[in-house]
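Presented below is the structure to which this report refers.
The values are calculated or read from the model by the stated rules, or taken from the named source; none is laboratory data. Quick caveat: nothing in here was measured; it's all calculated off a predicted structure. Every residue, glycine as well, gets a Cβ built from its backbone with ideal geometry; the counts of neighbours run over all protein chains shown.
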Amino acid sequence: MGTYLLQIFNGISVSSILILAALGLAITFGLMKIINMAHGEFIMIGAYVTYLMQNQFLHLPKSLFGLYFLLAIPASFIVSGLVGFVLERTVIRHLYNRPLDSLLATWGVSLVLQQLARNIFGAPNVDVKSPGWLDGGLVLSQGLQLPYKRLFIIALVIVCLLSMFLLLYKSKTGRRIRAVMQNREMAESMGINTRRVDAYTFAIGSGFAGIAGCALTLLGSIGSTLGTNYIVDTFMVVVLGGVGTLVGTAAGGLLIGTANTTLEFLTNASLGKVLVFILIITLLQWRPNGLFNISSRSLDD
Amino acid sequence: MLDVTKLEANYEESIILNNVNLQVSKGQVVCLLGRNGVGKTTFLKSIMGLVRTPKGSIKFNGREIIAEPTYFRARQGISYVPQGRDIFPQLSVQENLLLGLEALGGKGSIDETVYDLFPVLKTMLQRKGGDLSGGQQQQLAIARALVAKPKLLILDEPTEGIQPSVIQEIGRVIKQLRQAEGLTILIVEQYLDFAVEVSDYYYVMEKGRIEAKGFTREINKEEIQKLLAI
């Protein structure tokens, strides 16, 4: 019984990380349709920001050290967002409606950012010491312990999903973003400065990737290739869930995450991965537009 | 109010408009007539800045706007209802209407009088724009344009593909806007009877130029009909 509970928990935990990593991509790829290969590097930036924040707190009294992580979350959002803003203004804005070019260009940007990280922080991975209040876990029974770190990430994902939902569907900014993504010319004709909306939408998506990076520091050491490990998975989550829907991203992440852990538990690591891919391919054969695709007669074009 | 002189517009290499002159005075309802494909829609798009206009001048309230971006023109008080209505399909009717406020800087609230003009909208505020029928979308598009409190309202074929009862309603609304609020309106239309009924002045376009113009009350319907017949 305990093993199964732990399996379910692991599944949810892996899912939460996938969802967190894919959230930003749900905006930049899902809404803006930019194939952004540098998405993983925004995750990396978020992770390094957390590392820097930790280093700053090492100089402060020990009692304050635990607080660094709470500050690192908004800081990683802001720094990744700013880098995203600059990238949109300088590179991506010239590549709208040119998916192949944007794929190549952003891949190049991704390599540049990785090398930059190596130059600044050195090639070896660096460690981020998790704050004391996240050590240990919730003991349910003998041999069944849910680590606080994992629980914290799950909570963080829920908070991020909620705030993104409020931002996109309940705020004036979100209304503008959705209008621009649905019909650029008409949005512009309504008096919306669409270029500015593009820039801050991309910045918000990048910022969420930064938060994912911040959370990943809890699970292991970080290096310049941190983001590359996630890029394929995150695209899979967004595509499987249905491009452009927040619910889809959550569902896609949950499905891939639990399928991953369950199938690996039932078979072995490599066969499990193969089975997950087969599952995804089958699902996409059945629903080519993803699980939660937007269907409307007005989108027939 | 709107003064277009010697306007040229093109898509890629082909010139669509050539030396077009058109004036709309304050409080006037002006109708631009013409067959399919003569450049009427392109003309409206060039006023909004949605196509390239290498030559000519577009003055709005005495101010040259030909080089200004589209959103700036909208904020100057030009509201545009395009031919395909261009309702945001995934946004609710209410959200579509709220976007009308963007031309006013995104502030304020929807003037309730638009619901008096189009009562049907009030009953479907939470429905998605894309789920409305063509006639309802047309009414929503006009209402959305009016939320922006425009100085000039531009309508591209408001009667196209719409059932007669809704055409009548739109005609009634246009007359009401002209009389009650003195709104300046520029309409592109192929339906001559509708145009004659609602407008003060007309222009007829042919192959990217203005071929005829005059006061609607002096219009020779048969002659104009010849220009419009295929």
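Checking the stated criteria, B:Gly84 turns out to be small (Gly, Ala, Ser), free of Cβ contacts under 8 Å to residues at least 24 places away in the same chain and closer than 18 Å to A:Met186 by Cβ. Taken across segment A:202-214, residues that are closer than 24 Å to B:Leu50 by Cβ and within 19 Å of the chain's Cα centre (by Cα) do occur, with at least one present. Being within 14 Å of the chain's Cα centre (by Cα), part of a strand (DSSP E or B) and not polar (S, T, N, Q) is a property that B:Leu177 lacks.
To keep it simple, each residue is scored yes or no on (1) closer than 26 Å to B:Phe72 by Cβ; (2) of a type in the set (A, V, I, L, M, F, W, C); (3) in a helix (DSSP H, G or I).
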residue	(1), (2), (3)
B:Asp86	yes, no, no
B:Leu98	yes, yes, yes
B:Leu101	yes, yes, yes
B:Ser109	yes, no, no
B:Tyr115	no, no, yes
B:Val120	no, yes, yes
B:Gln136	no, no, yes
B:Ala141	yes, yes, yes
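Look at A:Ala269 and say whether it is among the hydrophobic types (A, V, I, L, M, F, W, C) and over 23 Å from the mean Cα position of the chain (by Cα). For A:Ala269, the condition - among the hydrophobic types (A, V, I, L, M, F, W, C) and over 23 Å from the mean Cα position of the chain (by Cα) - is met. Could you please let me know if B:Val29 is within 19 Å of B:Ala141 (Cα to Cα), away from every other protein chain (no Cβ under 12 Å) and among the β-branched types (Val, Ile, Thr)? It is true that B:Val29 is within 19 Å of B:Ala141 (Cα to Cα), away from every other protein chain (no Cβ under 12 Å) and among the β-branched types (Val, Ile, Thr). The set of residues in segment A:48-96 being modelled with pLDDT under 90 and of a type in the set (Gly, Ala, Ser) consists of A:Ser63, A:Gly66. The combined condition, being farther than 23 Å from A:Pro74 by Cβ and either surrounded by fewer than 24 Cβ atoms within 10 Å (Cβ to Cβ) or touching a Ser or Thr at 6+ places or on another chain (Cβ under 8 Å) (or both), is fulfilled by A:Ile231. The numbered conditions (1) among the hydrophobic types (A, V, I, L, M, F, W, C); (2) in contact with a helix residue (DSSP H, G or I) (Cβ under 9 Å, 6 or more places away or on another chain); (3) closer than 28 Å to A:Gln145 by Cβ are all true for A:Met1 except (2).
Among the residues of segment B:68-82, the ones that are within 7 Å of chain A (Cβ to nearest Cβ) and of a type in the set (Lys, Arg) come to 1 in all.
Of all residues in segment B:136-166, those satisfying the criterion of being surrounded by fewer than 18 Cβ atoms within 10 Å (Cβ to Cβ) and away from chain A (no Cβ under 14 Å) are B:Glu160, B:Gly161, B:Gln163, B:Pro164, B:Ser165. No other residue among B:Val38, B:Val20 is of a type in the set (A, V, I, L, M, F, W, C) and within 20 Å of B:Tyr191 (Cβ to Cβ) apart from B:Val38. Total residues in segment A:174-198 satisfying the condition of being under 20 Å from B:Glu68 (Cβ atoms) and hydrophobic (A, V, I, L, M, F, W, C): the figure is 6. Looking only at residues of segment A:124-139 that are outside any loop (DSSP other than H, G, I, E, B) and free of Cβ contacts under 8 Å to residues at least 24 places away in the same chain, we find that the one that is farthest from A:Gln114 (Cα to Cα) is A:Val139. Of the residues A:Val237, A:Val276, which is farther than 19 Å from A:Phe165 by Cβ and of a type in the set (Val, Ile, Thr)? The conditions single out A:Val276.
Checking each residue in segment A:156-199 for being crowded, with 19+ Cβ neighbours inside 10 Å, of a type in the set (Asp, Glu) and free of Cβ contacts under 8 Å to residues at least 24 places away in the same chain picks out only A:Glu188. Considering B:Thr53, B:Thr5, the condition of being part of a strand (DSSP E or B), over 16 Å from the mean Cα position of the chain (by Cα), more than 25 Å from A:Arg195 (Cβ to Cβ) and among the hydroxyl-bearing types (Ser, Thr, Tyr) is satisfied by B:Thr5 alone. Counting only helices (runs of 4 or more DSSP H) that fall entirely inside segment A:160-253 and contain at least 3 residues that are within 14 Å of another protein chain (Cβ to nearest Cβ) and more than 25 Å from A:Asn125 (Cβ to Cβ), the qualifying elements are A:172-182, A:184-189, A:194-216.
Give me the residue from segment B:83-117 that is buried (at least 20 other Cβ atoms within 10 Å of the Cβ) and more than 7 Å from chain A (Cβ to nearest Cβ) and, out of that set, farthest from the chain's Cα centre (by Cα). Top of the filtered list is B:Val93.
When segment B:58-84 is filtered for residues that are part of a loop (DSSP other than H, G, I, E, B) and either closer than 16 Å to B:Thr41 by Cα or charged (D, E, K, R) (or both), the ones remaining, listed by number, are B:Glu68, B:Pro82, B:Gln83, B:Gly84.
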